[in-house]
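The values are calculated or read from the model by the stated rules, or taken from the named source; none is laboratory data. Only a predicted model underlies this, so the values are computations on that prediction, with no experimental measurement involved. Cβ placement follows ideal geometry from the backbone for every residue including glycine, while neighbour counts extend to all protein chains displayed.
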Amino acid sequence: MQTVDHIPSYLIQHFGPDAFQQQVTADGILTLWASKDIIVSVIEYLKSNSFPFLYDLCGIDERDRAGKEQLPVADFTIVYHLFSFKQNNFIRLKVALVGEYPTMPSITAVFKNANWYEREVYDMFGIRFEGHPHLQRILMPLTWEGHPLRKEHPARATEMGPFRLWNEKQDIEQEALRFKPEEWGLQSYSEDSDFMFLNIGPQHPGTHGVLRIILQLDGEEIVDAIPEIGFHHRGAEKMGERQSWHTYIPYTDRVDYLGGVMNNLAYLLAVEELAGIKVPERVKVIRIMLCELFRINSHLVWFGTFAQDLGQLSPVFYMFTEREKIFDIIEAICGDRMHPNWFRIGGVVQDLPKGWDRLVREFVDNFPKQLKQYNNMVLRNSLIKARTKGIGIYTLEEAIEWGVTGPGLRACGFEWDFRKKRPYSGYEMFDFDIPIAQHGDCYDRSVVRVEEMRQSLRIIEQCLHNMPEGSYKADHPLTTPPVKKHTMQDIETLITHFLSVSWGPVIPPGEAMSCIEATKGANSYYLVSDGNTSSYRTRIRTPSFAHMQMVPYISKGYTVADLLSILGSVDYVLADIDR
């Protein structure tokens, strides 16, 4: 802990010198502990003073944490991450809670996007938020027993006994799935009409995965919408507690499964921050090149399926053909395609193979004319324009309030990209533009993504022409696999190497959060280490979770056909929502 001398003066002046305790963290983010009695007032004050963006909200079960004597007494901790675009900085607020099932005041009256985050904390930890408008499970089934991210909850299905579904249990499960409008404050009729409730999904081609949206309809017009998520939930954060720091890397591939190695990067940046690893310049450029290839790859999937949602069948076949050319490059370099699992702590698996530059050069030379053709085919089509212009509009202020990042934020005219504003992994060395649009509708979100592919191509071309010489991994004892060159000199080094290979590295105690500009928006890993071979707490902040929460807000007043345009323009991945 640090003294109040390091706490901003405006907070001390407003709340007093004894209101906060400061914690030193590996990532350097200002981290303040406050009591739950004042936390709502603190967040209200920060929101009105340059921190308008609730970036993330999560919980930690502190009961088994080693070395917590240095921290305030807590059985559980609630962690808030706020972001200031003006100051270009994060602030982390923490509240210590004592008791087996503690309570917290809700901040849903301050930030609209806090709704789903608080429901998730309740679902995963059993912590109740007083004043929340509808506090019920969000990722787990309503009938689930226990709260999965509590330390006493099993991490593997084999620890829970065989699953049995007898007739009575099946009836209970089926009844729990029945939507009850009154529980959500929805009326079945108004003064002049009866409302209809319609299920979109959970099996529907327009939802791009197992997603259920219950629509309250007045004729064709959407009165309200209730998304039901969690069908893809498989405990990605819980897995982070049972896997070693190294063996967890392939699990990250499966979160935004269209983002490939970009998921690895978000995780590894936080691990390397905790470990104090500085990677060579060659590693930075290799990572950036592959990340931008996957950005184009992901956007091509979005572009083709978006056109398909709106009635164009041909584009998806053309764009998937182009996607195969990227996969050929990924496969040649990494050995696998969609889930290469190729980045490592401190570097990458191996150096670039001979001939990589030829493959990349061919793609860089040929892709621009193909993209121009696809753009003309889709975005210049009058029917596509009719179904996307003026549909699903939100303002910049609304986007920030709901936690929108990435192309959706830039479509509101806000030139914000974490690669430019808070460069990581060497992005400060590259020359590229931040595409923006002005209207914040489905069409403008599409225009931004198409231009982003062109900018990604610029970055890849610079990687091609300016690939540094040097090693493909850092010379640091905590890299994976560990450096082997000294192992045959003495037995102690050999034993240490053997343990590092079999158990994985022991990461020093601390906390760190990475934040990258992923394919769909801001993606980050907030990692807590208590000095062990695995993470004590792994928190994944995904853009799709925040974006799906906003869908009901931007769908009201439109038609069912418009909803499919809106869903396609948001560009979410269900595994990215559910984790």
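With respect to HIS547, is the statement that it is buried (at least 18 other Cβ atoms within 10 Å of the Cβ) and in the same structural domain as THR405 (by TED's automatic domain parsing) true? When the stated conditions are applied, HIS547 passes them. Look at segment 547-562: where a residue is part of a strand (DSSP E or B) and a partner is surrounded by fewer than 23 Cβ atoms within 10 Å (Cβ to Cβ) and not acidic (Asp, Glu), sitting 6+ places away or on another chain with Cβ atoms under 8 Å, you get THR559/ILE222. I want to confirm something. Restricting to segment 97-113 and keeping residues that are over 25 Å from the mean Cα position of the chain (by Cα) and aliphatic (A, V, I, L, M), which single residue is farthest from LYS47 (Cα to Cα)? Only one residue tops the list, namely VAL98.
When you scan segment 454-463, do you find a residue that is among the β-branched types (Val, Ile, Thr) and at pLDDT below 90, even just one?
Restricting attention to segment 454-463, the residues satisfying the condition of being among the β-branched types (Val, Ile, Thr) are 459-460.
Filter again for at pLDDT below 90, leaving none.
The answer is no; no qualifying residue exists.
Matching residues to (1) out of contact with any strand residue (DSSP E or B) (no Cβ under 7 Å at 6 or more places or on another chain); (2) in contact (Cβ under 8 Å) with a residue 40 or more places away in the chain:
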position	(1), (2)
HIS81	no, yes
SER84	yes, no
ASN89	yes, yes
LEU93	no, yes
ALA96	no, yes
GLU100	yes, no
TRP116	yes, yes
LEU142	yes, no
GLY146	yes, no
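Does VAL360 count as over 30 Å from PRO477 (Cα atoms) and either surrounded by 19 or more Cβ atoms within 10 Å (Cβ to Cβ) or in contact with an Asp or Glu (Cβ under 9 Å, 6 or more places away or on another chain) (or both)?
Details: over 30 Å from PRO477 (Cα atoms): yes; either surrounded by 19 or more Cβ atoms within 10 Å (Cβ to Cβ) or in contact with an Asp or Glu (Cβ under 9 Å, 6 or more places away or on another chain) (or both): yes.
Yes, satisfied.
Among residues of segment 309-323 that are in contact (Cβ under 8 Å) with a residue 40 or more places away in the chain, those with a beta-carbon under 9 Å from a residue that is surrounded by fewer than 14 Cβ atoms within 10 Å (Cβ to Cβ) at least six positions away or on a different chain give the pairs ASP309/PRO205; LEU310/LEU383; GLY311/LEU383; GLN312/LEU383; TYR318/GLN373; GLU322/ASN366.
Quick one: is ARG380 more than 30 Å from TYR553 (Cβ to Cβ) and free of Cβ contacts under 8 Å to residues at least 24 places away in the same chain? Spell out the reasoning first.
Working: more than 30 Å from TYR553 (Cβ to Cβ): no; free of Cβ contacts under 8 Å to residues at least 24 places away in the same chain: yes.
No: the conditions fail for ARG380.
How about segment 114-133: which of its residues are within 21 Å of the chain's Cα centre (by Cα) and of a type in the set (A, V, I, L, M)?
Here is the first cut: in segment 114-133, the residues within 21 Å of the chain's Cα centre (by Cα) are 114-125.
Across segment 114-133, the qualifying residues are ALA114, VAL121, MET124.
Answer yes or no as to whether ASP365 is without any contact (Cβ under 8 Å) to a residue 12 or more places away in the chain and either over 12 Å from LEU290 (Cα atoms) or acidic (Asp, Glu) (or both). Yes; evaluated as a whole, the condition is true for this residue. Quick one: which of ILE566, ILE577 is closer than 30 Å to ASN89 by Cβ and part of a helix (DSSP H, G or I)? Checking each option against the conditions leaves just ILE577.
If you go through segment 299-338 and keep only what is assigned to a loop (DSSP other than H, G, I, E, B) and buried (at least 17 other Cβ atoms within 10 Å of the Cβ), you end up with just LEU310.
Looking only at segment 338-354, decide whether some residue is touching a Leu at 6+ places or on another chain (Cβ under 8 Å) and on the phi > 0 side of the Ramachandran plot. Yes: one or more hits.
Every listed requirement among (1) exposed (fewer than 13 other Cβ atoms within 10 Å of the Cβ); (2) closer than 21 Å to VAL570 by Cβ is met by GLY201 save one, (1).
With the requirement that a residue be polar (S, T, N, Q) and either over 22 Å from TRP116 (Cβ atoms) or surrounded by fewer than 22 Cβ atoms within 10 Å (Cβ to Cβ) (or both), what does segment 217-269 give you?
Step one: filter segment 217-269 for residues polar (S, T, N, Q), giving 243-244, 247, 252, 263-264.
Once the filter is applied, which keeps residues that are polar (S, T, N, Q) and either over 22 Å from TRP116 (Cβ atoms) or surrounded by fewer than 22 Cβ atoms within 10 Å (Cβ to Cβ) (or both), segment 217-269 yields GLN243, SER244, THR247, ASN264.
Residues of segment 314-348 that are among the basic types (Lys, Arg) and at pLDDT 90 or above: ARG323, LYS325, ARG344. From the list HIS153, HIS81, the lone residue that is under 22 Å from the mean Cα position of the chain (by Cα) and either loosely packed, with under 12 Cβ neighbours inside 10 Å or not polar (S, T, N, Q) (or both) is HIS81. Say whether the condition of being in contact with an Asp or Glu (Cβ under 8 Å, 6 or more places away or on another chain), within 21 Å of CYS58 (Cβ to Cβ) and touching a residue at least 24 places away in the same chain (Cβ under 8 Å) is met by at least one residue in segment 237-250. No, the conditions are met nowhere in segment 237-250. Looking for something under 25 Å from GLY335 (Cα atoms), in a loop (DSSP other than H, G, I, E, B), touching a residue at least 60 places away in the same chain (Cβ under 8 Å) and touching a strand residue (DSSP E or B) at 6+ places or on another chain (Cβ under 8 Å) - is there at least one such residue anywhere in segment 218-233? Checking segment 218-233: not a single residue is under 25 Å from GLY335 (Cα atoms), in a loop (DSSP other than H, G, I, E, B), touching a residue at least 60 places away in the same chain (Cβ under 8 Å) and touching a strand residue (DSSP E or B) at 6+ places or on another chain (Cβ under 8 Å).
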